[in-house]
Every structure is written in C-alpha cells, then in structure tokens.
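The structure appears right after this line, and notes come after that.
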Amino acid sequence: MSELTLPVGGMTCAACVHHVEDALRSLTGVDAAAVSLMTRSARVSFDPAQVEPDQLVEAVNDAGYFAELPSTSVSLIDRQRAQDAELRAEARGRLVRAAVALFAGVVVMTVGMPLAEAATQGRWLLTVAAVAVVAGTAGPLFARAFRAARRGTTDMNTLVVIGVLASIAASMLGAVYVDAALFIVGFVLLGQGLEARARGHTLQALQALASLRSDLAHRVLDDGSVVDAPLSELRRGDLLLVRPGEAIVADATVEEGQSHVDESMLTGEPLPVKKGVGDVVVGGTTNGGQTLHARVLRTGDDSTLSRLLLLLREAQASKAPTQRLADQVAAIFVPSIVVLAFVTLGIWWIVVDVDAALVHAVAVLVIACPCAMGLAVPTAVMVATGRAARLGILVKGGDVLERAAEIDLVVFDKTGTLTLGKPQVVASDCDDQVLALAAAVERASEHPLAKAIVDEAQRRGLKPKKAKGIKVMAGSGVEGVVDGVVVGVGNDRLASRIDEAMQLSERQLLEGGLAVVRVSVDGVISGLLAIDDPLRPEAAEVIQALHRPTRMLTGDSDQTARRVAAAVGINDVDARLLPQDKHLIVRGLPGRVMVVGDGVNDAPALAEAWVGVAMGSGTEVAAGAADVVLLRPDLRGLLSLVALARQTRRTMRQNLVWAFGYNVVMIPVAAGAFAFAGLELNPVLASMAMALSSVSVVTNSLRLARSPLGTQGAA
C-alpha cells in the first residue's frame with residue numbers, strides 16, 4: 001500500500017468529512033481514508049496497482065470538494081506557510097462579510113421596518129436590498145449548498161441556506177423576516193470567522209516549526225569567498241558559514257569551530273547544546289556565540305525540520321477513536337435536521353399559523369450545529385500534539401494520546417533509557433594488543449558499549465587497524481577479522497573457552513554489578529572489559545511519580561540489571577534477554593503496557609506495546625516503531641506525556657458532551673417543544689447560539705496549550 005495526503009478545500013463541517021471519506025473509500029484499491037476538518041486534508045492508503053493518485057483527486061472533486069496532488073516542486077515548509085496565510089485570509093474575509101451582513105440587518109430592523117409595514121412597495125424594496133446583501137456576503141455558503149444538492153447530499157451549508165431562503169420567501173409572501181435572513185448569514189459567518197481564527201491558534205506548533213527555516217544561506221565557495229544563496233539552491237556537500245546568533249539553515253556536520261546551539265524549538269531542551277567538529281547541527285536551530293563552518297547533509301523535505309513538520313501534520317490529521325462516534329452521528333445529522341424542520345413547519349402551520357411555523361422551522365435549521373461535532377476531537381488532538389512538540393515529545397497521532405491515558409504497566413529498557421547511554425570502561429583485564437583488536441571490530445558499530453571500547457582505546461593512545469567481515473549477532477555481540485585472526489566482542493554467548501584465571505576475574509567484576517564484555521581471539525577469551533553506564537539522575541523520581549507498576553527488560557547480566565533496578569525503585573526484573581525475548585514478554589503481559597526503550601534493539605517490543613516510547617533525538621524522529629519519541633534526553637517527558645494524555649482525553653469528552661448536549665437541548669427548544677412554558681427561540685438568537693457553539697469547542701481545546709502538567713497528572 002502507498003500513502004498520500006491530499007489538500008482538500010470546501011469542507012465546513014463533520015458531514016463534509018463523511019462525504020469526502022465515502023467518495024475516497026468507494027474507489028477500488030483504496031484501503032483507508034481519514035479526512036481532517038482541522039487540517040483540511042485527506043490521508044489515503046491505497047494500492048497503486050489498482051488506483052492512480054489522479055483518480056483520488058477526481059473522486060474528491062466529483063463529490064463537490066476541491067483536491068489536488070501535493071506539488072513536488074514546493075517544499076513542505078513552503079506549503080505549510082501558504083496554508084497558514086490562506087487560513088488567516090479566510091478568517092479575515094469571513095469576519096468582514098459578517099460585519100456587512102450584521103450591519104445591514106441592524107439597518108433593516110431599525111429603519112426599514114416602518115417603511116416595509118407602511119407600504120407593499122417598501123417591503124419589496126427592502127427584500128430586494130437584503131437579497132443583494134445576502135448574495136454578496138453568503139455567496140460561498142450558497143455555492144457549497146447547491147454543490148451538495150447536485151450530488152444528492154447535505155451539509156451545514158444546506159441548513160443555513162434553507163433557513164435564509166425561507167426567511168426571504170416569507171418576506172415576499174407578506175411577513176417581514178428579511179432581517180432574520182441577514183442576521184442568520186451574519187452570525188454564521190461571524191462564527192466561522194472566529195472558528196478559523198481560533199483554529200489558527202491550534203496550528204501554532206506547525207506554524208512555529210515552519211517559521212524556523214531561514215530562506216537565505218551563507219555559502220562558502222571553493223576560493224573561500226562567501227555568497228548569500230537562496231535555500232532552494234543549497235545542495236548536499238555545500239559548505240555553510242553560520243555566524244553567531246544566526247539560524248542554521250540545513251542539517252549539517254560541523255567542520256570548523258565550536259559553539260553552543262539552541263535546539264529548544266525542536267527538542268524542548270532549554271539549555272544550548274555544545275557543538276564541535278564532527279557534530280551534527282540541525283536546520284532550524286540557532287547558533288550561539290561563535291562562528292561555525294558546517295558541511296550540508298540534508299536539505300528540503302529530507303531535512304530534520306521538514307520530517308518533524310510532516311510527522312506533526314500527520315499526527316494532527318489522524319483520528320482518535322473517540323472521533324468515530326461523532327462521525328457516525330454526523331453521517332445522518334443534517335438529513336435528520338431537514339426532516340425535523342419540515343415536520344416542525346407542518347405541525348405549527350396546522351396548530352397555529354404560517355408565521356409561527358416559519359419562525360420555528362427556520363430556528364430548527366439554523367440552531368443545528370454539525371460543526372461542533374466535527375471539531376470536538378480534532379481540535380483537542382491538534383492542540384495537545386502541538387503542546388507535546390514544544391515539550392520535546394513527538395506524539396504520532398490522536399489515538400496514541402488516548403491510549404497513553406489508559407496505561408496499566410510501564411516496562412523500561414535499561415541501557416540508554418534508565419541509564420544515560422554513555423557507558424565508560426571503568427576496569428579491565430585486557431592488555432593493549434587485545435584492546436586494539438576489540439576496538440578495530442567495534443569501530444563500525446553504533447552501540448553505546450562499542451563506543452566505550454573505542455573511546456578507551458583512544459584514551460590509551462592505541463590506533464586500531466581495519467577489521468573485515470564484520471558480523472553482528474543479535475543479543476551476543478559482534479565478530480570480525482583483524483590481521484587474519486577472528487576477533488569477537490560480546491557477552492558469554494559469543495565464546496565459551498575461558499581459562500580459570502580469566503573466569504575468576506570475570507566473576508569479581510560481575511559481582512560488582514558491572515557489565516562485562518568478553519574479547520575473544522580465535523575463539524579463546526583473551527580479555528575482559530568492565531563497563532559502567534551512569535544512571536539518569538531523574539530516573540528514580542520518574543519511576544515513583546508514575547504511580548504505576550513498573551518492570552525492567554534488559555539484555556545485560558542479572559547482577560547489573562538488579563543493581564540498576566534497585567537504584568531506581570523497580571522490583572520486577574528480567575535480564576539476559578534477546579530482542580525477540582523482550583517482544584514475547586511484552587506480548588504476554590496483561591493489561592495496557594507502555595514500553596520505554598532506546599528505539600533500536602527495542603523496536604519489536606515498542607511495536608508490540610499498547611504505547612511504545614523511544615528515547616530519540618532530533619535527527620531520528622522518523623525512525624523506529626515507537627508511537628512516541630522523547631526528543632529531549634529526559635525521562636520526565638514521560639510524566640508530561642501521561643498528564644497531557646489524560647487532560648486531552650478529558651477535553652475530548654467535554655467537547656463531545658457539549659456538542660451533542662447542545663443539539664439535544666437546543667433543537668427541541670427551537671422547534672417550540674417548550675413553547676407552552678414560554679421558552680422559545682427565534683431564528684436570530686438561534687444563529688447566534690449556533691455560531692458560539694463551534695467557537696466554544698475550539699476555545700475549550702485551546703486550554704490544553706496552557707494547562708499545568710504537574711507530576712500529579714501522571715497518577
């Protein structure tokens with residue numbers, strides 16, 4: 001299956017979302033389609049052998065909406081900036097048209113009514129003038145409603161247009177309701193404008209990421225001169241000059257200089273990070289007080305900033321399970337309201353008169369609000385994932401947030417998770433020759449223990465030779481050939497031929513709780529390296545604050561594992577595990593399990609977990625099987641994640657209760673069910689209430705951006 005995200009225009013409510021999803025799912029070869037009202041996009045999973053991308057676009061357009069294939073010539077960041085500008089223009093346009101319609105409504109109500117009541121010509125003149133204002137301000141509403149009618153469907157625009165037309169028709173037939181038509185249009189547009197403005201606030205995380213990229217680079221030419229080049233001309237291998245205080249425009253490797261780089265917008269890390277020769281700097285971060293020369297690694301949509309933006313967009317466009325209920329209701333909501341309006345019209349016409357019938361029928365049409373149902377869950381997801389991103393927590397979807405709020409057990413890896421992942425050789429029974437052989441084999445490995453061995457060789461001034469035929473054996477170690485001898489580095493599974501003296505030395509090191517690495521030469525253990533990895537200083541605090549059962553799964557020895565577990569407060573420990581062992585254990589655990597690992601050898605367990613959390617970095621955000629990536633190397637992000645997830649779930653439920661409760665309560669009032677008690681609602685007040693309902697849902701979701709995330713939230 002292939003995946004494609006299409007920009008979709010013309011959607012205004014949950015019913016529109018349902019229509020677009022139905023149009024896409026009706027195509028043979030489409031496996032799944034998730035449409036987001038908030039991001040105005042459709043994410044489609046399809047079989048390219050059965051359906052072409054152009055057919056997906058055609059299906060959306062045939063359904064009465066506007067889709068297009070994403071331009072490959074425009075970068076993701078530029079597309080995000082264009083969408084931000086479009087949203088701001090949309091909000092301004094709706095608010096201006098709302099002001100015109102409301103002003104016209106006030107004029108009609110205060111000045112025009114005496115004229116209309118004095119003469120038939122006055123009423124007709126008033127109606128014609130009002131129709132002109134309605135046409136000028138509500139043209140897009142009518143266009144969408146008519147497109148829906150042509151394809152045999154309905155949406156929110158259908159309700160508004162029927163109500164407006166009914167008010168205008170009543171004015172032509174003798175009653176004076178033309179002011180109601182103007183107020184309905186005005187308040188609907190006002191609500192949509194305020195909603196678009198509020199929706200812009202929910203997109204702040206995306207906007208902030210897109211704004212990080214500079215459009216101009218200082219490029220160093222071969223002769224040493226510096227030119228200012230547009231970012232679009234930058235290529236891999238170009239040399240950049242980054243002056244103090246300037247933004248780093250692309251992912252690059254430092255070749256000259258040393259400075260501190262502010263990575264807070266990408267990782268949530270408040271303190272600048274020291275960078276020197278050989279270190280990778282990420283595009284979008286800000287250089288500190290010293291000049292750097294850096295060689296470009298990645299540009300455009302391959303850059304870390306673009307990948308972060310893409311993952312965040314996908315997360316914010318994803319659907320949380322709670323959204324399914326709203327989608328099911330939205331599918332039948334608008335047709336049901338149209339039927340109810342006609343029933344209301346008939347009953348009041350028979351029982352009272354045509355004037356009362358029109359008032360109540362129009363009120364039913366304009367009070368109904370499918371917008372609130374469509375926005376209830378997506379707005380909460382969007383604000384929460386944006387808040388998480390600012391905290392250095394990349395959450396890959398609304399469903400992840402819901403699952404993270406329901407955790408029963410937290411399982412931790414040890415190395416790189418509970419420990420810093422920066423092990424050091426602290427003792428050894430290994431001469432320089434054997435250490436040099438071990439370092440030669442480990443030089444190509446990215447494992448933290450391998451780096452410790454290479455660093456120890458460098459500390460001793462050794463120069464390892466090049467190894468050939470490197471083989472990595474999962475859960476055992478690594479093996480290679482150096483100067484014709486087979487060298488193995490790993491645990492006791494790698495080689496078993498060990499003499500008595502070496503065995504005694506190994507036992508003493510293990511009893512101290514240290515990780516012991518064996519070095520074998522042609523199958524005989526010839527050296528031992530004792531390695532220790534310092535604990536994360538916040539590990540014990542986090543374990544205690546989670547207020548949930550915890551467990552450790554590690555490939556290290558029993559002694560090392562139990563020493564670390566005791567230090568952080570974990571009682572349940574499984575040691576000497578292969579990656580597949582961890583996977584099987586996680587699969588067999590009862591309840592909803594969160595697995596926290598380093599995202600490399602823990603990938604099977606992370607994928608199997610109810611929620612998988614990887615300790616990552618800004619350059620690794622797109623890799624791994626984890627649902628969540630902690631971009632900042634701090635386990636306290638777990639507490640923020642769980643607290644935010646619980647708050648998000650609570651906000652989703654509040655929004656849905658409001659959206660459904662509003663319609664359940666207000667529609668009967670608009671229909672006149674409580675008229676006997678003097679409780680009625682005219683169309684103008686109904687349109688005001690409908691406008692406020694959507695705004696209230698978005699505003700409630702925006703509280704997630706500022707709510708405190710104390711450790712008690714993880715309880």
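The values are calculated or read from the model by the stated rules, or taken from the named source; none is laboratory data. Predicted model, so just to flag it, every value in this text is computed and none were measured. Glycine also receives a Cβ, built like all others from the backbone with ideal geometry; neighbour counts cover every protein chain displayed. Protein only, heavy atoms only, side chains kept; ligands, DNA and RNA dropped before computing areas. Shrake-Rupley method; radii C 1.70, N 1.55, O 1.52, S 1.80 Å.
Among the criteria (1) out of contact with any strand residue (DSSP E or B) (no Cβ under 8 Å at 6 or more places or on another chain); (2) of a type in the set (A, V, I, L, M); (3) assigned to a loop (DSSP other than H, G, I, E, B), the one Ala101 does not fulfil is (3). Leu553 meets the conditions (1) out of contact with any Ser or Thr (no Cβ under 6 Å at 6 or more places or on another chain); (2) hydrophobic (A, V, I, L, M, F, W, C); (3) open to solvent by 10 Å² or more (accessible area, probe 1.4 Å) in every case but one. The failed one is (3). Within segment 382-399, being open to solvent by 10 Å² or more (accessible area, probe 1.4 Å) and assigned to a loop (DSSP other than H, G, I, E, B) holds for Leu391, Lys396.
Please work out which one of (1) free of Cβ contacts under 8 Å to residues at least 40 places away in the same chain; (2) in contact with a helix residue (DSSP H, G or I) (Cβ under 9 Å, 6 or more places away or on another chain); (3) of a type outside the set (Gly, Ala, Ser); (4) in a loop (DSSP other than H, G, I, E, B) is the condition His583 fails and give its number. Status for His583: all satisfied but (4).
Of all the numbered requirements in (1) under 18 Å from Asp558 (Cβ atoms); (2) open to solvent by 70 Å² or more (accessible area, probe 1.4 Å), Gly512 misses one, and that requirement is (2).
Among the residues of this structure, Ile585 does not count as one that is open to solvent by less than 10 Å² (accessible area, probe 1.4 Å) and not polar (S, T, N, Q).
Any idea which residue in segment 367-405 is modelled with the highest pLDDT, counting only those that are charged (D, E, K, R) and farther than 23 Å from Asp327 by Cα? Taking the candidates together, the pick is Arg387. If you go through segment 288-336 and keep only what is open to solvent by 30 Å² or more (accessible area, probe 1.4 Å), farther than 30 Å from Glu402 by Cα and in a loop (DSSP other than H, G, I, E, B), you end up with Gly289, Gln290, Thr291, Thr299. Could you figure out which of (1) out of contact with any Pro (no Cβ under 8 Å at 6 or more places or on another chain); (2) surrounded by fewer than 24 Cβ atoms within 10 Å (Cβ to Cβ); (3) at pLDDT 90 or above isn't true of Asp355? So the condition that Asp355 fails would be (3).
Only residues that are hydrophobic (A, V, I, L, M, F, W, C), under 18 Å from Cys13 (Cβ atoms) and surrounded by 16 or more Cβ atoms within 10 Å (Cβ to Cβ): list them for segment 133-148, please. Even if it seems obvious, please write down each step before you answer.
First, pick out the residues of segment 133-148 that are hydrophobic (A, V, I, L, M, F, W, C): 133-135, 138, 141-143, 145-146, 148.
With the extra rule that they be under 18 Å from Cys13 (Cβ atoms), the set shrinks to 138, 141-143, 145-146, 148.
Correct list: Ala138, Leu141, Phe142, Ala145, Ala148.
When the residues of segment 245-264 are filtered to those that are farther than 16 Å from Gln290 by Cβ and free of Cβ contacts under 8 Å to residues at least 60 places away in the same chain, the one that is farthest from the chain's Cα centre (by Cα) is Thr253. Beta carbons closer than 6 Å, at least 6 apart along the sequence or on distinct chains, pair a first residue in segment 339-361 that is more than 15 Å from Ile667 (Cβ to Cβ) with a second that is among the aromatic types (Phe, Trp, Tyr) and assigned to a helix (DSSP H, G or I) for Ala356/Trp348; Ala357/Trp348; Ala357/Trp349.
Residue check: is Val339 surrounded by fewer than 23 Cβ atoms within 10 Å (Cβ to Cβ) and closer than 22 Å to Met38 by Cα? So Val339 fails the test.
Go through segment 212-240 and give me each residue that's open to solvent by less than 80 Å² (accessible area, probe 1.4 Å), under 27 Å from Val74 (Cβ atoms) and not in a loop (DSSP other than H, G, I, E, B).
Within segment 212-240, Ala217, His218, Arg219, Val227, Ala229, Pro230, Leu231, Leu239, Leu240 qualify.
Just a yes or no: is a residue in segment 490-499 open to solvent by 60 Å² or more (accessible area, probe 1.4 Å) and modelled with pLDDT of 85 or more? No, the conditions are met nowhere in segment 490-499. For segment 193-237, the set of residues classified as of a type in the set (Asp, Glu) and either modelled with pLDDT of 80 or more or within 19 Å of the chain's Cα centre (by Cα) (or both) consists of Asp228, Glu233, listed by residue number. Name the single residue, out of those in segment 253-275 being of a type in the set (Gly, Ala, Ser) and at pLDDT below 90, that is surrounded by the fewest Cβ atoms within 10 Å (Cβ to Cβ). Among them, the one singled out is Ser264.
Within segment 668-687, restricting attention to residues that are modelled with pLDDT under 90, farther than 18 Å from Leu165 by Cα and crowded, with 17+ Cβ neighbours inside 10 Å, the residue that is nearest to the chain's Cα centre (by Cα) is Leu681. Among the residues of segment 517-550, write down those that are open to solvent by 30 Å² or more (accessible area, probe 1.4 Å) and either hydrophobic (A, V, I, L, M, F, W, C) or at negative phi (or both). Hits for segment 517-550 are Val521, Val524, Ser526, Asp532, Pro534, Leu535, Pro537, Ala540, Glu541, Gln544, Arg548, Pro549. Return a yes/no flag: does segment 427-442 have any residue that is crowded, with 21+ Cβ neighbours inside 10 Å and closer than 28 Å to Val595 by Cβ. Within segment 427-442 (the criterion being crowded, with 21+ Cβ neighbours inside 10 Å and closer than 28 Å to Val595 by Cβ), the answer is yes, since at least one residue qualifies. On the given criteria, is Met690 part of a helix (DSSP H, G or I) and either out of contact with any Phe, Trp or Tyr (no Cβ under 9 Å at 6 or more places or on another chain) or charged (D, E, K, R) (or both)? No: the conditions fail for Met690.
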